[in-house]
Each structure stands twice: as C-alpha cells, then as structure tokens.
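Only one structure is covered here, and it is reproduced in the block below.
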Amino acid sequence: MRLNSFSCETWVEPGAALAEIRSPIDQALVGLVSSAGVDFAAMADHARMVGGPGLRALTFRVRAERLKQLAAYLNDRREGLHRLSLLTGATRRDGMIDIEGGIGTLFSLASKGRRELPDEHFLVDGAVERLSKGGSFAGLHIMTPLNGIAVHINAFNFPVWGMLEKLGPALLAGVPMIIKPATSTAYVAAAAFRLIVESGLLPPGAVQLVVGGVGDLFNHLTGQDLVLFTGSAGTSTKLRNHPVISANAVRFVAERDSLNAAILGSDAGPGSPEFDLFVKEVAREMTVKAGQKCTAIRRVLAPAAWTGAVVEALSARLARTVVGDPRRDEVTMGPVVSLAQQRDCRDRIAVLQGEARVVYGDPARPAVAAGDPEKGAFLSPVLLQCDDPAAATRIHDVEVFGPVSTVLPYRDPAEAIALVRRGEGSLVASLYTYDAGEAARLVSGIAPYHGRLILIDRDCAKESTGHGSPLPVLVHGGPGRAGGGEELGGMRGVHHYLQRTALQGSPGRLAALTKAYVKGAAETAPPAHPFTIPFERLAVGDTIVTPEREVTLADIEHFADFTGDRFYAHMDEAAAAANPFFPGRVAHGYLLLSFAAGLFVDPAPGPVLANYGLDSLRFLKPVTPGETIKVRLTVKQKNPRNAEYGEVRWDVELTNGAGETVATYDLLTMNALAVAA
Ligand code: NAP
C-alpha cells in the first residue's frame with residue numbers, strides 16, 4: 001500500500017504528507033505516496049558516479065543483451081502486473097497494450113540493438129569525409145553516451161509501456177535513469193520497477209525511482225543530463241522553462257497532448273471498405289483505454305455529404321460499448337483514471353459544446369453495466385459534431401483525455417488539410433482512402449504537422465497495427481502542440497542520449513581510434529592469405545593485392561550467354577557507343593564482381609563461413625574488352641557476433657591497368673573464431 005521510492009540502492013519509505021491513490025472503479029485505497037525523505041542530490045550523485053560508469057563499462061552490444069534478458073524476465077512475471085493494472089480502470093485488453101506492449105517494445109529494441117549496435121563503447125555515425133587533397137587529413141563523427149542522468153517523467157495512462165519505452169533506448173545508450181511515474185497509476189509502474197531491480201540484470205545506479213514529486217531534482221541537472229517528459233502541455237512548458245534547464249542547456253524531449261485526426265477520403269463513401277475501416281478505427285480509438293491515449297483520435301474528418309452516415313455508423317458501433325468495472329468479463333471500457341479526470345473530461349466537453357453538439361452519449365450520465373456509477377469514474381463514449389469547423393477554435397485546441405471525439409465535415413481535400421493543420425502539430429493522423437492521388441495530396445499537406453501518418457485501406461487493413469499504436473521501430477512524437485519530441489524510431493531514440501562529436505585527424509589516427517580502416521591509413525601485410533586467418537587474428541588494415549586479370553570479349557559473351565544478361569551495352573558495339581556512359585561494348589558489372597571474387601578468394605575450407613552480402617557497391621568506370629583488373633582487399637572492421645563467429649567487413653577496390661578505380665564496395669563475411677574451429 002505504501003509505495004517506496006528507490007534511491008542509492010535503497011527502498012525509501014514514503015515520508016510525511018502522504019497522498020492517497022484510489023481506484024477509479026470504486027474509490028478503494030490502493031496506494032499511499034510521498035517522496036518526502038528522498039535525498040535528490042544524493043540520488044543524482046549516485047546515478048552520475050555509480051550508475052553511469054557501471055553502464056558505460058558495458059559495450060552497446062552487451063547492454064542490448066541485458067535488455068533482451070530483462071524483457072524475458074518481465075515477460076515471465078507479467079501476471080502480477082495485470083492484476084494491478086485492472087485497478088487503474090484498464091480492461092485486460094488495455095492492460096495488454098500497456099504490459100505486453102511495453103515488454104514487446106523492449107524485445108524489439110533489444111533485437112535491433114543486438115543486430116545494429118557494435119561491441120564497442122562508441123558508435124560511428126556516417127561515412128568518413130575526405131578533408132584534404134592529399135588524403136592525409138580526414139573527418140568522421142562518433143557518438144558516445146552522455147556522462148549524466150536521464151530523468152524520465154511519465155504520464156498516467158500507460159504506467160508500464162510509458163516506463164519501458166523510455167528505459168529501452170536509455171539502457172542501450174548507457175545512461176542511468178531516474179524514473180518518475182505519474183502518481184495516479186504509480187503502483188503499477190512501481191511493481192514493474194521492482195521486478196527490474198530484482199532481476200539483478202542492471203548495474204547499481206542504473207535505475208532509481210521517485211514515487212511522488214521530484215523535489216529539487218531539477219536543481220541538480222547539468223549539461224550532461226536530459227529530461228524526457230510525457231504529459232500535458234502545461235506541465236511540459238513549466239518544466240522546460242525551469243531556470244536550470246535553460247541555463248545548462250539540459251536536453252528536453254517532450255511528448256504531450258495532441259488533437260490527432262482521422263480523415264475519411266473523398267473517394268471513400270458509405271459501402272466502401274475504407275468507410276467501414278474508418279468507422280471501426282475511430283470507434284476503437286475512442287474506447288480503448290477509455291480514450292486516455294495520447295494517440296487517440298480526437299478530430300474525425302469526413303466529407304460533408306457523408307457526415308450523417310458517419311455519425312450513424314459510429315453511433316451504432318459505440319452503442320456496443322459495455323462500460324463498467326473492468327474486472328468483469330463483459331466490460332469493454334473501464335472508468336477513466338480518477339474522479340478528477342472524470343471532472344476534467346466533463347469540463348472540457350462543456351467547452352467543446354460551445355462549438356459542437358453531442359450526437360452520441362450523455363456526458364453526465366453514463367450507462368454503467370457493471371459497477372457503481374456513483375463511486376466509479378465512469379464516462380460514456382461521447383461523440384460531438386461541429387458544423388462549422390473552419391470558424392471553430394476550441395475543437396482544434398482542447399484535448400479531452402477520455403472517450404470523446406468530434407466529427408468535422410469538410411468540403412474538399414484542401415479544406416481537410418487546412419482543418420487538420422489547425423491542430424498545430426500532432427502525434428499521428430490516419431487516412432482512409434483508396435485513391436493514390438488523394439493519399440499523395442493529403443500526405444504532402446499534413447506530413448510537416450505530424451510525427452506519424454498511417455494510411456489504412458483494404459490492402460493493409462488486416463495486418464495494420466492501427467492508428468493508435470506507436471511502434472518501437474518507428475518514430476513516436478510530433479511537432480508543435482505534440483511537444484516537438486521524438487522517441488523510439490529504432491536506434492533514433494537511442495541517439496537522444498548520445499553526444500555526436502566530429503573527429504578530425506590523419507586517416508591512421510582515425511582508424512586507430514574507431515578500430516575501422518580509413519582510406520589512407522597504413523595497410524599491413526597479413527602473415528598468410530586473410531581467408532586462412534581466424535576471426536580474432538585478423539587485423540584491421542590487413543591488405544592483399546591480387547594479380548591482374550584480363551577481361552576479354554570472349555569472357556563478356558560467355559557471361560552473357562551463361563546468365564542471359566544480353567543488355568546492349570555488353571553486346572552491341574554501335575548501341576553501346578551511342579550511350580553517353582560507354583565508349584563501346586563494356587564488361588557486365590556483375591562479371592567484374594565475379595572475377596574479383598575469383599581473384600581474391602582462397603578456395604580451401606577455412607575460417608570464412610559465408611559471404612552474406614555487399615554494401616555500398618559503386619561501378620565507377622567501365623571496363624572494355626582487353627583491359628585488366630586487379631583487386632585490393634582490406635580488413636575494414638570486425639564485429640564479434642558470438643563465441644563461434646564474427647562479421648568481417650572488407651573494403652574492396654577494383655582498379656584497371658592504369659590504376660584507376662573501377663568499382664568499390666564493402667564485402668561482408670562471417671568468419672569463424674580459432675577457438676571454435
Ligand atoms: P501531467 O499532469 O502533465 O503529468 C505528467 C507527468 O508530469 C506526471 O508524472 C506528473 O506527476 C508529472 N508532473 C506534474 N507536475 C510536475 C512538476 N511540477 N515537476 C515534475 N513532474 C511533474 O499529465 P497527465 O495528466 O498525467 O497526463 C495526461 C496528459 O498527457 C494528456 O494531456 C495526454 O495527451 C498527455 N500524454 C501524452 C503522451 C505522448 O506520448 N505524447 C502520452 C500519454 C499522455 P504527478 O502525477 O505526480 O503529478
């Protein structure tokens with residue numbers, strides 16, 4: 001019942017001035033909260049002095065492994081979280097979005113991290129830039145974890161997902177966290193947090209928890225720290241304007257309320273699959289989690305001629321909603337999170353009623369199928385209709401964080417775009433059209449105002465993840481009113497926690513620092529053919545140059561006959577010569593690649609297990625019959641994968657007899673370790 005904070009590896013009992021958390025189902029007391037007694041300076045110090053060094057001692061790849069283990073640990077223990085989640089008013093289905101959704105996000109980020117992040121303490125961002133004529137001075141970018149603290153302030157609606165979607169990227173980056181869940185559902189977040197600590201998978205100081213207010217924590221933040229905030233625009237503005245945040249240029253990433261739209265295309269009339277998909281999605285978004293989703297559809301745009309049909313179809317769907325105690329099987333929508341939230345929703349509906357009329361639902365008296373309507377924070381789904389959305393203002397800037405949406409008729413796509421843009425920046429909008437031109441027009445009109453657009457039609461509906469689901473591999477966030485932040489997005493979310501630094505110097509120095517070959521750096525002669533050397537004994541910079549081989553007209557014709565590639569540039573002298581790129585017949589690029597392999601491959605069984613691809617292939621100069629080619633093969637980078645093999649990236653350059661570069665690419669192979677052989 002008394003919810004502890006976790007500071008400096010100690011569970012801290014709530015101090016004085018306890019606040020009560022009550023279940024919105026029946027006002028039962030479910031938690032007592034206070035962060036009085038938490039020493040925020042010590043907490044910040046602990047994260048900085050213990051958590052940061054402990055996390056940074058692990059490589060990016062090892063942290064990704066830990067994240068996967070953590071996801072599995074939580075997954076095995078999720079039932080207890082579900083029991084608590086029901087007390088917040090969430091149905092079992094809502095709970096799955098929160099709990100399984102949060103754990104799934106960790107799995108997805110861990111798997112991306114294990115594939116894409118190096119077994120190193122830095123990332124290289126982008127390509128090497130040549131900065132001098134002679135090639136002795138170059139530049140590149142590295143990214144390293146900030147040496148500070150990530151303060152995570154989360155909203156009440158998804159206590160588990162909200163915590164984990166921020167924890168995943170921070171852990172991958174190697175930055176310790178101080179996590180502050182919203183008070184009204186803090187008991188669910190605190191239970192998930194306790195599991196994270198009990199897992200023993202994270203080094204000391206990697207995570208700490210504040211249940212209650214954040215006290216003077218912000219006074220201890222520096223330019224190495226960052227704040228990731230999810231919640232209302234009001235709180236975000238207040239925190240962003242904290243003097244320490246501006247004075248120390250503390251990074252501040254905000255995800256906040258948003259007047260998300262769903263747009264029915266002007267081609268998608270009643271009876272079309274897109275019309276039905278639109279109605280289904282709007283009704284679902286209104287009622288899942290009782291509409292308490294940052295991504296929920298607040299503005300429902302439909303061609304004016306079909307507004308009546310839309311309202312009728314939506315009303316019929318909403319009528320199937322069973323409001324009540326979410327612990328009962330038949331209930332499909334629980335209460336909002338608290339009586340205060342219920343009051344807030346009603347107040348905001350009243351504001352919208354100044355510009356729109358209620359066409360479905362009674363804001364004051366929900367029909368409650370199971371549960372006590374007097375004690376529970378129940379609301380009916382409420383659909384409003386605004387007949388003059390261009391003249392209205394509040395429907396474009398008042399978010400009712402509950403099961404409430406407003407239908408807005410539009411005359412043509414230009415007006416639909418103008419109305420959507422009145423939201424001044426949203427997390428997401430969904431488009432329902434089967435017309436390519438309409439889709440292109442709407443996307444180009446509203447993309448700058450959104451972090452995500454989802455195009456739902458008959459071709460993708462069955463497998464679509466839906467309007468409301470942020471995905472770990474895609475960006476979550478939006479401009480303007482939505483806060484201007486970006487989270488998730490695969491590795492993009494990790495980059496918030498890293499400092500990008502341009503490094504300039506000699507190719508040799510840059511190669512040594514990044515452990516990757518840079519053109520112009522010293523090349524070394526390996527003791528034997530590199531294909532015979534096990535992974536761990538290959539040295540970055542090891543280079544061989546092959547003998548030359550002539551490319552004859554007979555080779556070209558043989559290759560054409562053998563593969564069926566009889567493109568005129570290889571087979572027809574006059575047509576090839578008329579092409580501005582070729583002097584006459586030239587060798588197939590793929591023939592050159594095949595000859596290159598024939599030149600550099602060592603054929604005997606050995607440590608090279610597989611060739612699994614080429615990156616950045618460029619054919620730079622044509623090769624004509626009678627010319628020679630040779631290959632320079634250099635070990636560019638080594639990425640250990642497991643105890644048996646690792647990935648080798650080879651820099652490959654083909655040159656002609658005049659020493660001109662004909663083709664370049666990175667070759668990727670999997671090479672066995674000596675210990676595994
Ligand atoms: P809120 O009142 O702004 O609270 C958000 C968080 O900020 C809570 O953890 C809250 O803690 C904390 N907070 C409040 N005052 C603070 C202060 N002075 N210093 C430090 N922390 C402070 O928002 P909410 O009512 O919980 O959430 C609903 C809003 O969040 C809606 O507007 C919704 O659109 C938005 N939201 C956005 C997203 C998104 O991803 N964009 C997701 C979910 C929700 P306490 O609970 O202890 O006050």
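Structure summary
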item	result
Heavy-atom SASA rank of Leu384, Leu29 (probe 1.4 Å, accessible area, largest first)	Leu29, Leu384
Where the range 260-471 is the region considered: accessible area per residue in Å², 1.4 Å probe	38
Span-like helix ranges in the chain, DSSP H, alpha carbon extent 27 angstrom or more, Kyte mean at least -1.0	92-116
Cα lying deepest toward the dipole's positive end in the range 260-471, options Gly354, Thr295, Gly376, charges on Cβ	Gly376
Centre separation in Å (Cα based) which lies between the range 1-47 and the range 164-185	17
Selection of chymotrypsin sites (Phe, Trp or Tyr not before Pro), the range 575-627, meeting DSSP coil and at most 15 other Cβ within 10 Å	Phe581
Cα-centre dipole for the range 523-672 with unit charges at Cβ (Lys and Arg positive, Asp and Glu negative), debye to 20	320
Of the chymotrypsin sites (Phe, Trp or Tyr not before Pro) in the range 71-166, those whose Cβ has at most 12 other Cβ within 10 Å and which sit in DSSP loop	none
Under 16 Å from the Ala340 label point (7 Å along Cα→beta-carbon), backbone N, the range 161-197	181-187
Accessible-area composition of the range 523-672, carbon plus sulfur, in percent [1.4 Å probe]	56
Lys/Arg +1, Asp/Glu -1 at C-beta; the range 523-672 dipole; positive extreme among Phe582, Val540, Thr664	Val540
Approximate spin-label separation Ala370-Ala305, in nm, with each point projected 7 Å along Cα-to-Cβ	4.5
Relative contact order (%) - criterion: Cα under 8 Å, at least six apart; region: the chain	12
Charge-dipole axis of the chain as Lys and Arg at +1 and Asp and Glu at -1 on Cβ define it, positive-most pick from Val635, Gln385, Val518	Gln385
About the Cα centre, charge dipole magnitude for the chain (Lys/Arg +1, Asp/Glu -1 at Cβ), debye	1380
Against the rule of thumb 2.2 N^0.38 Å, how large the Cα Rg of the chain comes out	1.15
Surface accessible to a 1.4 Å probe, per residue, for the residues of the range 523-672, Å²	49
Kirkwood Rh, angstrom, the range 294-432 [1 / mean 1/r, Cα pairs]	15.7
Area accessible to solvent at Phe582, 1.4 Å probe radius, in Å²	60
Qualifying GluC sites (Glu not before Pro) for the range 428-520 [loop in DSSP, other Cβ within 10 Å: at most 16]	Glu463
Radius 12 Å from Cβ of Phe218, net charge of other residues (Lys, Arg +1; Asp, Glu -1)	+1
Column: log10 I(q)/I(0), Debye, Cα scatterers of the range 50-156, q = 0.17, 0.19, 0.21 Å⁻¹	-0.96, -1.06, -1.14
With every protein chain in place, the range 1-79: carbon and sulfur % of accessible area (1.4 Å)	53
Within the accessible area of the range 260-471 (1.4 Å probe), percent carbon and sulfur	49
Potential lengthening between Thr465 and Leu609 on full extension [0.36 nm per residue; Cα-Cα distance subtracted]	48.0 nm
Between the range 111-152 and the range 516-565, the Cα center-to-center distance that results, in Å	27
Lys519, Lys630, ranked by accessible area, largest first (probe 1.4 Å)	Lys519, Lys630
D (Stokes-Einstein, µm²/s), Kirkwood Cα radius, the range 523-672, 1.567 mPa s at 4 °C	79
Cα centroid separation, the range 256-320 to the range 635-677 (Å)	53
Accessible-area order (highest first, 1.4 angstrom probe) of the listed residues Asp397, Asp257	Asp397, Asp257
Estimated 222 nm signal from helices in the chain, with DSSP H stretches of n ≥ 4 weighted -39500 (n - 2.57), rounded to 500	-9500 deg cm²/dmol
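The values are calculated or read from the model by the stated rules, or taken from the named source; none is laboratory data. Note that this is a predicted model, so its numbers are computed, not measured. For neighbour counting, all protein chains shown are included, and Cβ atoms are generated from backbone atoms with ideal geometry for every residue, glycine included. With ligands, DNA and RNA removed, areas are computed over all heavy atoms of the protein, side chains included. Shrake-Rupley method; radii C 1.70, N 1.55, O 1.52, S 1.80 Å.
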